[in-house]
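Remarks on the structure that follows.
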Amino acid sequence: MFVGALRARVYDDEVRKFVEGLGVEKISKRLVNSREGPPVFEQPEMTLEKLMEYGNMLVMEQENVKRVHQESTSRESSFTV
């Protein structure tokens, strides 16, 4: 699951670059009924540095989710006293 999340992050960056290069205002014309066909993305380079960066970001996000959940649980238990 973790490897899948890393891979998704790398591809998210490729899609983001595509949209930024094309421009948000032109994205629907490029994707819907386009004569060019669907966009083709090359397999992105997954360097160790990039994977480590994304891995650390995922860990921080997971820690934040846990913290928010713990705070929510703590608040709920304080109301039921």
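A short reminder: the numbers here are calculations on the coordinates, not readings from a lab. Because the structure is predicted, anything quoted here is derived from the model rather than measured. All Cβ positions, glycine included, derive from the backbone under ideal geometry; neighbour counts span all protein chains shown.
Structure data summary
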item	result
Test: residue in segment 65-77 that is loosely packed, with under 10 Cβ neighbours inside 10 Å, on the phi > 0 side of the Ramachandran plot and polar (S, T, N, Q)	no
Answer from SER28, SER34 - the residue that is surrounded by 10 or more Cβ atoms within 10 Å (Cβ to Cβ) and either part of a helix (DSSP H, G or I) or aliphatic (A, V, I, L, M) (or both)	SER28
